[in-house]
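A short worksheet on the structure shown next.
What follows is calculated from the coordinates using simple rules that are stated; it is not laboratory data. Note that this is a predicted model, so its numbers are computed, not measured. Backbone-built Cβ (ideal geometry, glycine too); neighbour counts: all protein chains shown.
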Amino acid sequence: MKKRFAMLLATLSAVLAACTPGRSPAPRSDTLGQPAVPVSVTTLEGYKEALAQRISNANASLVYGGQPQAHLRSVVVVKFTVDASGKLLHSDIIRSNHDSTTEATALASLRSSAPFPRPAGTLLKRGRLELSETWLFNTDGRFQLRSIAAPQMAE
């Protein structure tokens, strides 16, 4: 009974998260199983939001809801490159407080979410798209991504 209730609660949470106003819809799969970019995603900001939603959905147990706490455990900025098909080519940490656990979580959550939606051709330079995302870690080790995070709590 507890397992069924937990599964129902998780499903309901996912459905409600997908219905949050102002958020991009979760990418759907095309006929090849490749995540498809929603038609309206032709801007860099829109693509970053679609990626952030994909990373959050793929790592739901590591993501917290609500506002990030006032004093975060860690802020990790990852720079990464995606090719025209959505394949993750490269990733590097470019900002961190040197918390090896949160750095590893950020990189692992990025890798586990690939392949990504195909970026619009207008976003590509030499067949690639270079971007960055910021992982905001609460003290419990769970994160939100800045592109789709709620405003941080005041002190």
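Kindly provide log₁₀ I(q)/I(0) values, in the same order as q = 0.18, 0.26 Å⁻¹, from the Debye equation applied to equal alpha-carbon scatterers of segment 59-155.
Taken in order of the listed q values, log10 I(q)/I(0) reads -0.83, -1.34.
So what's the net charge close to Val82: Lys and Arg +1, Asp and Glu -1, counting the other residues with Cβ under 10 Å from its Cβ? Write out the running numbers ahead of the final one.
Working: positive: Lys87, Arg118, Arg128; negative: Asp83, Glu130.
Once positives and negatives cancel, what remains is +1.
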